[in-house]
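One structure below.
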């Protein structure tokens, strides 16, 4: 089972008027971490474009537990959760430098044929990481 760890430092552009990371920024953080997961799974953006396939988010459920603030060093752990025929779920957790879980997400992703614009069977590069 492939698990990746992504490090992100909170920057001023990520902060809202309440002095913490804006809720919309967490989706961006999770996206950066998923790109790293795909890359380590052997499925780079270039490879997806060459094969005319993609990963489409069907659903993302985010739980905000504690705030992240300017200067925090975040650790995002991405791991496979469940494999379906044409879709799969990833679990993602964000921790701060004190190892406190700040946010977690469950992401439902569908394999997608970019030419025919329809879902396809999950490819082996993804599927093998759920075993």
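Simple spin-label estimate for residue 58 and residue 24 gives 2.7 nm between the two label positions (7 Å along the Cα-to-Cβ direction from each Cα).
Distance from the C-alpha centroid of region 31-45 to that of region 74-120: 11 Å, rounded to the whole angstrom. A simple spin-label model places pseudo-atoms 7 Å from Cα toward Cβ; at residue 66 and residue 100 they are separated by 0.3 nm. Rounded to the nearest 10 degrees, the inclination of helix 23-41 to the longest alpha-carbon principal axis of the chain is 40 degrees. Length gained on full extension, residue 117 to residue 17, computed as 0.36 nm times the residue gap minus the Cα-Cα distance: 32.0 nm.
Largest mean-square fluctuation among 121, 13, 86, in a Gaussian network model of the chain whose springs join Cα atoms under 10 Å apart, belongs to 13. Along its three principal directions, the equivalent ellipsoid of the chain from the Cα gyration tensor extends over semi-axes of 29, 15, 13 Å, largest first.
Among 30, 64, rank each residue by its count of other Cβ atoms within 10 Å, from fewest to most, as a rough exposure measure. All intermediate terms of the calculation are to be shown ahead of the outcome.
On the way: 30 24, 64 15.
Ranking 30, 64 by Cβ neighbours within 10 Å, fewest first, gives 64, 30.
None of the figures in this text is laboratory data; all of them are computed from the coordinates on show. Since we're looking at a predicted model, the values are computed, not measured. Cβ atoms come from the backbone with ideal geometry, glycine included; neighbour counts cover every protein chain shown.
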